[in-house]
Amino acid sequence: MEIRPIADGFSVTGQITTDDVKTIADAGYKTLISNRPDSEDGAVPHDNIRKAAERAGLNFVYIPVVSGAITADNVRDMKSALDQAQAPVLAYCRSGGRCTNLFGLVQQMKG
């Protein structure tokens, strides 16, 4: 797992496993956001990650985004999640790219 800081209080990474969640919590993250649909090849079901996150004391948000097809609803949902999130936040998808692009669109929306 390679965590990449994108902005103050917001980082991204590629697909995580339930075994990674304790390490994420121990690193000080408070909120975990999944931007990877369960239907993608190689995705770990978000309910498995959610349960591990809850056991580790992390908030968990599921905002599935289809690769290469970010929608206005995805951007609004991510903005809402970030507005309500306890920082620092770690978002993940297959590689972290979708999360990074989505975060950039949220920042544009904020102006």
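A few comments on the model shown:
- Its Cα gyration tensor gives the chain an equivalent ellipsoid, and the semi-axes of that ellipsoid, as √(5λ) in whole Å with the largest first, are 20, 16, 12.
- Mean residue ellipticity (222 nm) of the chain, computed from DSSP H runs ≥ 4 via -39,500 (n - 2.57), nearest 500: -12000 deg cm²/dmol
- Candidate lysines for bridging to LYS22, where Cα separation is under 30 Å - those fewer than 8 sequence places away on the same chain excluded: LYS30, LYS51, LYS79
Readers should treat all values here as calculations from the given coordinates under stated rules, not as data from a laboratory. These figures come from a predicted structure and were not determined experimentally.
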